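Here is the structure we will look at, set down as structure tokens.
The values are calculated or read from the model by the stated rules, or taken from the named source; none is laboratory data. Fair warning: this is a prediction, and the values are worked out from it, not measured in the lab. Positions of Cβ are backbone-derived with ideal geometry, glycine not excepted, and every protein chain shown enters the neighbour counts.
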């Protein structure tokens, strides 16, 4: 890494984020999994970071964090058990972006607000219900 990139990374690491839960500072930390932000007041808020220290998306309070986890869990149900999960995941994000009315590069749980996350859960629940109905119909057809 050259001196310019090293200098930029150090500048980013010096910029703490405001905690949306308690108003404290989210400090950049390092773990065996990589960089992340953690609230200095230990209120429970953490937020992902890229390798260079930039935050992944927008930090959320505990309610938003729990909604993000729930939305991701529902979304993951749509593609994780497919034959080619990585390809299916990419297609699933494109599908979700169309349903959400946003650009694919902006379709990420860490960028969504409360209303959008609730919309993701609703869209995914409906898609999972439809998938289950199709599977049941297929099973019934195989009986004959």
- Checked the stretch 80-92 for anything closer than 24 Å to residue 47 by Cβ and touching a helix residue (DSSP H, G or I) at 6+ places or on another chain (Cβ under 6 Å); matches are 89, 92
- Item | Where residue 102 falls short, out of the listed (1) in contact with a helix residue (DSSP H, G or I) (Cβ under 7 Å, 6 or more places away or on another chain); (2) under 30 Å from residue 135 (Cβ atoms) | (1)
- Item | Only one of 78, 17, 67 that is surrounded by 16 or more Cβ atoms within 10 Å (Cβ to Cβ), under 15 Å from the mean Cα position of the chain (by Cα) and at pLDDT below 95 | 78
- Message: I'd like the full set of residues that are in contact (Cβ under 8 Å) with a residue 40 or more places away in the chain, within 21 Å of residue 55 (Cα to Cα) and surrounded by 14 or more Cβ atoms within 10 Å (Cβ to Cβ), limited to the stretch 112-141.
- Response: 112, 117
